[in-house]
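Down below is the structure, laid out as structure tokens.
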Protein chains: 2
Amino acid sequence: MSKEITSRASDYSQWYNDLVIKGELADHSAVRGCMVIKPYGFALWENMRDALDKMFKDTGHVNAYFPLFIPKSFLSKEAAHVEGFAKECAVVTHYRLKNDPNGGGVIVDPEAKLEEELIIRPTSETIIWNTYKDWVQSYRDLPLLINQWANVVRWEMRTRLFLRTAEFLWQEGHTAHATKEEAVEETEKMLGVYATFVEEFMALPVIKGVKTASERFAGAEDTYCIEALMQDGKALQAGTSHFLGQNFAKAFDVKFSNKENQLEYVWATSWGVSTRLVGALVMAHSDDQGLILPPKIAPFQVVIVPIYKGDEQKSMIDGKVKEIMSELKAMGIRVKYDDNDNARPGWKFAEYEMKGVPVRLAIGARDLEKNVVEVARRDTKEKRVIPLEGITGYVESLLVEIQTAMFDKAKLYQQEHITPADTWEEFEKLLDEKGGFISAHWDGTMETEEMIKEKTKATIRCIPLENKQETGQCIYSGKASKERVLFARAY
Amino acid sequence: MSKEITSRASDYSQWYNDLVIKGELADHSAVRGCMVIKPYGFALWENMRDALDKMFKDTGHVNAYFPLFIPKSFLSKEAAHVEGFAKECAVVTHYRLKNDPNGGGVIVDPEAKLEEELIIRPTSETIIWNTYKDWVQSYRDLPLLINQWANVVRWEMRTRLFLRTAEFLWQEGHTAHATKEEAVEETEKMLGVYATFVEEFMALPVIKGVKTASERFAGAEDTYCIEALMQDGKALQAGTSHFLGQNFAKAFDVKFSNKENQLEYVWATSWGVSTRLVGALVMAHSDDQGLILPPKIAPFQVVIVPIYKGDEQKSMIDGKVKEIMSELKAMGIRVKYDDNDNARPGWKFAEYEMKGVPVRLAIGARDLEKNVVEVARRDTKEKRVIPLEGITGYVESLLVEIQTAMFDKAKLYQQEHITPADTWEEFEKLLDEKGGFISAHWDGTMETEEMIKEKTKATIRCIPLENKQETGQCIYSGKASKERVLFARAY
């Protein structure tokens, strides 16, 4: 198998695909737009999922599971929602196949047509709020703080592994509250959880902000988001948290009696992140040799490769490695010993570079004599010879150092790629030549936003939270503006 | 909310539904045959899933994720498989909705018809073996030991919460091997993992066996199963492990070059358990007051209820409970303090009996003075007053004791309900009056098996592993038989 990777400079998009496929994260499947998440990619996703799940539970949320199917009529109940999702959904119309009487294999049984078509969930607000109707009567039943880990389907025409697939895995939180204030607080709290997760676990700095009306979730009153920057200067929306107002409560008639015994509509939020984050992770950190994974979520944090000739050397090395492994494991470090004798050390080195394992230890017979080991870190490719004594403590600190270094590097890149623009020429030039976020004045109208998008493919990624208020003139229309917003081309 | 439960004696089936719904494990949904798994039920499933997942990983398996959709033509590739699954599947025929030009809301866009229909996976052998084709070239690529946690859909006509739903959650292991021996060994190993899990975590004894040809998985050469017994004397298949021979490798042309560089078809297994296990758990252990959950998987193992008048008593109790809680948590025990002042202690007692929490501690002001606490165990409903000193150690042992006692009770029931029958009259009488497994001779033909099923609704649950060989006469046909098999009516 050829493990050569297209360089970022020659074709960024192909580089990304090479990494995902040759790094064994995912593969295309026989079903258009659907991917297979391979064991290595899934182990990465599991680590991300488990960390997030713990954060959700620590903030008082519980998991539940709602149906895959949504009756077609449910989608229509919230006007904006159906506009946003009806165009790209998988529709189940029949519930049986039968043998073709003409011998053509199996065919859809025309007699097994559903009375009402079922949509594969593109998101679950409608089926969940239809359920909440039965769960909420009194203020005592509130809040509901429920999350679901699930697969969803959006029939995208142009797909890319992890970044945009017809089926993807995600979590969707759906909460119900007695007051607007509490729902807004929840929306912001979960945005904070996402930002913390992406920054601390994925080593990826984000900007927290609010979407403009035209970029809002279909059915939301406000969409909060975290925006990350990829190495090609394009932005990527890494998570969203929506304040849904009473829209879904009204659509599904979900009321509660308050402390004064009066009926009120319930307030809602929803928030989600998906396997798209894996794509962001790959794009943000990796290099032309392969993946670079942050230690906190890497499937293996350390790989140990023996270098030996003959059984005697091998068994001496094995003995030492066994000690190191058991110490590392006791520290909670995920370590793999690759003593597969079908492959040479050099091949293995390249393989684990490709796979982004943060730390590699290579131990040879001569190293053992000298009581040392070669330690290579993936992010900087620096190699050092380190005494075997205290090696596990060294590795433990090194993993922390790598995690920090990866974040710092990405943070520096982000900071260097938030550029103010004050004229349209400057704006266009920055987009084409530098990329990243461009901080510019905007007149606040959808028309201008749309025109800018049409002319440059740049969208308003967000209005940063706690944005500085500053009068100015819209970059495009010249009309008055009260603050800068962040534009970028985006995935 | 009325929390009254139908008794087992008056209506076993309604009792089960009451437990699931009033115990807040699951609910019906707006989609026919699909359930909502409520937070309490999902927490139980998570504990089961996590324990199983760990056992899979400890036996060398890794997780991955394959598409929800299966192209219709894939189902036809394995002849027996399509017969078994085509009859009950959800079929996606379109990928878009549009606004009805006549104003009737959204309708399926007839222009968005798929060229080939997609089936929602009822099980994933076909899509997975189509993928394995690309992953396997040489013996060095084998074995593949892959598991997937997923939702699947089988369009059942008669559904029951957890036991039989159109959509359910499960895991499906799909392994690929170089030799038949290795595949058979894997099939048996995973059956063992299931039996260990169900017995040790769910406190539910099972019988390990092999299915007859007519009860085999569609596409398998051999289906191994574990069979459990419910309190109404009906059996429930709790898990299956299939030796698939080379059937799917042949259907999808998956070959590998062996050490002699010759091409051979790959050998396969698949194995699965589902949310059906939650139904088995409920039916096997619970009583007329509610659920009885085994400590190892109960969402809460201990609940603490304060009994007090006024803030002063409350704050004294709070202080003591805080100590106990932190000790229990440090021991890894899942504990909940219910100091909600909207409900009285008596209501809470009934509520946690309903929910099957294994141990309840009730602490009143007078108890505090005497340095004691009332400990109630859910399984036997025994109450004891225990000194506060050493209470956490007491609770820890009590949880172990309950787990064992629940298993022993179920084991005794199982042993008392395996009854030999030597005449047809005896067989019918046992089925109607006693239930359970009936150990009887069978002539080995499908015809007899079918006739017995037609006349009595009893099926052959399994031919137990390491079954005693014993000549006799078939209970129905009188023909010669070489061993007894286990019959039962089943869920």
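The values are calculated or read from the model by the stated rules, or taken from the named source; none is laboratory data. None of these values were measured; they are calculated from a predicted model. Glycine also receives a Cβ, built like all others from the backbone with ideal geometry; neighbour counts cover every protein chain displayed.
From the list A:314, A:320, A:329, A:348, which one is in a helix (DSSP H, G or I) and in contact (Cβ under 8 Å) with a residue 60 or more places away in the chain?
Values: A:314 fails: in contact (Cβ under 8 Å) with a residue 60 or more places away in the chain; A:329 fails: in contact (Cβ under 8 Å) with a residue 60 or more places away in the chain; A:348 fails: in contact (Cβ under 8 Å) with a residue 60 or more places away in the chain.
Every option except A:320 fails the conditions.
Here the condition is being more than 9 Å from every other protein chain (Cβ to nearest Cβ), among the basic types (Lys, Arg) and closer than 20 Å to residue A:93 by Cβ; of B:121, B:96, it holds for B:121 alone. Residue under question is residue B:49, and the condition is that it be modelled with pLDDT under 95 and surrounded by fewer than 24 Cβ atoms within 10 Å (Cβ to Cβ); does it hold? Answer is no for this residue.
Against the condition over 27 Å from residue A:252 (Cβ atoms), outside any strand (DSSP E or B) and within 11 Å of chain B (Cβ to nearest Cβ), how does residue A:51 come out, does it pass? Spelling it out, it is not the case that residue A:51 is over 27 Å from residue A:252 (Cβ atoms), outside any strand (DSSP E or B) and within 11 Å of chain B (Cβ to nearest Cβ).
I want to confirm something. Restricting to the stretch B:188-216 and keeping residues that are of a type outside the set (A, V, I, L, M) and crowded, with 24+ Cβ neighbours inside 10 Å, which single residue is nearest to residue B:410 (Cα to Cα)? Let's see the steps before the verdict.
Taking the stretch B:188-216 first, the residues of a type outside the set (A, V, I, L, M) are B:188-189, B:192, B:194, B:196-197, B:199-201, B:205, B:208-209, B:211-212, B:214-216.
Filter once more, so that each one left must be crowded, with 24+ Cβ neighbours inside 10 Å: B:194, B:197.
On the way: B:194: 17, B:197: 15 Å.
That would be B:197.
Scanning the stretch A:98-132 for residues being of a type in the set (Lys, Arg) and touching a Ser or Thr at 6+ places or on another chain (Cβ under 7 Å) gives a total of 1. One residue stands out among those in the stretch A:100-156 that are in a loop (DSSP other than H, G, I, E, B), touching a residue at least 60 places away in the same chain (Cβ under 8 Å) and under 25 Å from residue A:253 (Cβ atoms): the one that is nearest to the chain's Cα centre (by Cα), which is A:123.
Per-residue answers, yes or no, for (1) of a type outside the set (Gly, Ala, Ser); (2) outside the structural domain of residue A:277 (by TED's automatic domain parsing):
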residue	(1), (2)
A:102	yes, yes
A:140	yes, no
A:145	yes, no
A:150	no, no
A:153	yes, no
A:161	yes, no
A:170	yes, no
A:177	yes, no
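Residues in the stretch A:10-40 that are among the hydrophobic types (A, V, I, L, M, F, W, C) and either touching a residue at least 60 places away in the same chain (Cβ under 8 Å) or not assigned by TED's automatic domain parsing to the domain that holds residue A:154 (or both): A:15, A:19, A:20, A:21, A:25, A:26, A:31, A:34, A:35, A:37.
Would you say residue A:343 is closer than 30 Å to residue A:451 by Cβ and more than 24 Å from the chain's Cα centre (by Cα)?
Working: closer than 30 Å to residue A:451 by Cβ: no; more than 24 Å from the chain's Cα centre (by Cα): yes.
No; evaluated as a whole, the condition is false for this residue.
The criterion of being among the aliphatic types (A, V, I, L, M), assigned to a loop (DSSP other than H, G, I, E, B) and under 18 Å from the mean Cα position of the chain (by Cα) does not hold for residue A:190. Residues in the stretch B:217-229 that are crowded, with 20+ Cβ neighbours inside 10 Å, among the small types (Gly, Ala, Ser) and in contact with a helix residue (DSSP H, G or I) (Cβ under 6 Å, 6 or more places away or on another chain): B:219, B:228.
Restricting to the stretch A:452-491, and then to whatever is touching a residue at least 60 places away in the same chain (Cβ under 8 Å) and of a type in the set (Lys, Arg), can you tell me which residue is surrounded by the fewest Cβ atoms within 10 Å (Cβ to Cβ)? It would help to see each step written out before you state the result.
Here is the first cut: in the stretch A:452-491, the ones touching a residue at least 60 places away in the same chain (Cβ under 8 Å) are A:459-465, A:467, A:484-491.
Subsequent filtering for residues that are of a type in the set (Lys, Arg) retains A:461, A:484, A:489.
Numbers: A:461: 26, A:484: 22, A:489: 19.
Taking the candidates together, the pick is A:489.
Return yes or no: is residue A:134 facing chain B (nearest Cβ under 10 Å), closer than 19 Å to residue B:114 by Cα, surrounded by fewer than 23 Cβ atoms within 10 Å (Cβ to Cβ) and of a type outside the set (Lys, Arg)?
Details: facing chain B (nearest Cβ under 10 Å): yes; closer than 19 Å to residue B:114 by Cα: no; surrounded by fewer than 23 Cβ atoms within 10 Å (Cβ to Cβ): yes; of a type outside the set (Lys, Arg): yes.
No.
Annotation note: Cβ proximity below 7 Å between a residue of the stretch B:68-93 that is within 7 Å of chain A (Cβ to nearest Cβ) and a residue that is assigned to a helix (DSSP H, G or I) and modelled with pLDDT of 90 or more (sequence gap 6+ or interchain) occurs for B:75/B:126. Kindly indicate whether residue A:183 is buried (at least 21 other Cβ atoms within 10 Å of the Cβ) and in contact with a helix residue (DSSP H, G or I) (Cβ under 8 Å, 6 or more places away or on another chain). Considered against the rule, which asks whether it is buried (at least 21 other Cβ atoms within 10 Å of the Cβ) and in contact with a helix residue (DSSP H, G or I) (Cβ under 8 Å, 6 or more places away or on another chain), residue A:183 comes out as no.
Against the list (1) within 7 Å of chain A (Cβ to nearest Cβ); (2) crowded, with 20+ Cβ neighbours inside 10 Å; (3) closer than 26 Å to residue B:187 by Cα, the condition residue B:128 fails is (1). Residues in the stretch B:139-179 that are within 12 Å of chain A (Cβ to nearest Cβ) and among the acidic types (Asp, Glu): B:141, B:156, B:167. Taking the criterion of being assigned to a helix (DSSP H, G or I), within 12 Å of another protein chain (Cβ to nearest Cβ) and hydrophobic (A, V, I, L, M, F, W, C), would at least one residue in the stretch B:1-19 satisfy it? So far as the stretch B:1-19 goes, no, none of its residues is assigned to a helix (DSSP H, G or I), within 12 Å of another protein chain (Cβ to nearest Cβ) and hydrophobic (A, V, I, L, M, F, W, C).
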